[in-house]
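Below: the structure, in structure tokens.
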Amino acid sequence: MSVAIEVKGLWKAFNVSHQGIGSIKGALVDLIRRGRRRQERIWGLQDVNLLVEAGESVAVIGRNGSGKSTLLGILSRVYKPTKGEVRVNGRVSSLLELGAGFHPDLTGIENIYLNGSILGLSRREITRKLNDIIEFSELGSFIDAPLKTYSLGMQMRLGFSVAVQTDPDVLLVDEVLAVGDEAFQQKCYRTIERFQKEGRTILFVSHDLEAVRRVAPRSVWLDSGRVVMDGPTAEVTEAYVERMRSLGEAKE
């Protein structure tokens, strides 16, 4: 099989300033004194290695702040690596967080064109897929309303509908399926299952271990930016739950 995702020695650092800015004047002073302010370098990812074959479905699990979303952000080119190599083959479609790639003042249809262009589709391609996206989203007349009038569940509907209609080779999904009604969630899972049968690659981040077991035969457990365990989902989730239980944080 060919390789869909290859990550070698990946490190990602974020610089965090400990000096707050409360006004425009403060911002100017901070700019002048930039070299003197105290900063801390935080490592979001540390020496991560990952190989995902084309057609694999892999989940990424871990506590908040473990590096899951940072990894997906790098794979989708939202972030640049500090060190290391990252290679993703084929068209990538990402659903990283609600509202990403959308504008609150634009209508649903206008946001479809905006988000579709961000995901690499031409205007002609978006127009050709527009009816399918609208039909899948089940938003009805709300498709002509501004996004700021949408609930979180409606935003998820729109985002997922665009993501799956871009005909991706690699689909990156970060937690968003936890939002929305049960019926639409099941529709999303059926779409993921269809993608799996078609041999597409899926990287799935979730705190919902039942969803992880349903979607991904293989899981990668991250903690403090490092890979703790990579293997069959049943084994990885069992070890993860045991660790969380020992820390008093067990959560299914």
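Throughout, read-outs are computed from the coordinates displayed, never taken from laboratory work. What you see is a predicted model; the values in this text were computed from it and never measured. Every residue, glycine as well, gets a Cβ built from its backbone with ideal geometry; the counts of neighbours run over all protein chains shown.
Using DSSP to define loop residues, name the GluC sites (Glu not before Pro) in region 216-250 whose beta-carbon has at most 13 other beta-carbon atoms within 10 Å.
Sparse-neighbourhood loop GluC sites (Glu not before Pro): 249.
Per 0.36 nm of contour for each residue apart, how much would the distance between residue 226 and residue 123 grow if the chain were fully extended, relative to their Cα-Cα spacing?
My answer for the length gained is 33.1 nm.
Let me check against my output: what whole-number percent is the relative contact order of region 3-246, with C-alpha pairs under 8 Å and at least 6 apart?
Reported relative contact order: 26 percent.
Between beta-carbons, use under 13 Å as the cut-off and find the net charge around residue 117, counting Lys and Arg +1, Asp and Glu -1.
Spelling it out: positives minus negatives among the neighbours equals +1.
Within the chain, how many Lys pairs sit with Cα atoms under 14 Å apart, leaving out pairs fewer than 8 places apart on the same chain?
5
Using 0.36 nm per residue, how much length does the chain from residue 178 to residue 138 gain when fully extended, once their Cα-Cα distance is taken away?
Gain on stretching residue 178 to residue 138: 12.6 nm.
Mind giving me the nanometre distance, one decimal, between the label points for residue 78 and residue 16, set 7 Å out from Cα along Cα→Cβ?
1.8 nm
Just to verify a number: FRET efficiency for residue 151 and residue 64, C-beta to C-beta distance, R0 = 30 Å, to 0.05?
In this case the efficiency is close to 0.80.
Excluding residue 225 itself, calculate the net charge of residues whose Cβ lies under 14 Å from the Cβ of residue 225, where each Lys or Arg counts +1 and each Asp or Glu counts -1.
Charge balance near residue 225 sits at +4.
Given contacts defined as C-alpha pairs under 8 Å and at least six residues apart, what's the relative contact order of region 208-252, whole-number percent?
It rounds to 31 percent for region 208-252.
Could you tell me which of 121, 14, 178 has its Cα farthest along the dipole of the chain towards the positive end, charges placed at Cβ (Lys, Arg +1; Asp, Glu -1), taken about the Cα centre?
14
Report, in debye and to the nearest 20, how large the dipole of region 59-197 comes out about its Cα centre when Lys and Arg carry +1 and Asp and Glu carry -1 on their Cβ.
That gives a dipole near 540 debye.
Separation between the residue 87 and residue 207 pseudo-spin-labels, each 7 Å from Cα along Cα→Cβ, expressed in nm?
Taking the two extended label points, one gets 3.6 nm.
May I ask for the percentage of alpha-carbon pairs in the chain that lie more than 29 Å from each other?
So the portion of pairs separated by more than 29 Å is 37 percent.
Using a 10 angstrom Cβ neighbour count of at most 10 plus a DSSP loop assignment to flag exposed trypsin sites (Lys or Arg not before Pro), which longest range of the chain is free of such sites?
39-252
Only Lys, Arg, Asp and Glu count, each charged at its Cβ (+1, +1, -1, -1), so figure out the dipole size of the chain about its Cα centre, rounded to 20 debye.
1240 debye
Tally Lys and Arg at +1 and Asp and Glu at -1 over the other residues with C-beta under 9 Å from the C-beta of residue 147: what net charge comes out?
That sum, taken over residues with Cβ under 9 Å, equals -1.
With labels modelled as points extended 7 Å from the Cα through the Cβ direction, what inter-label distance (nm, one decimal) is found for residue 190 paired with residue 249?
3.7 nm
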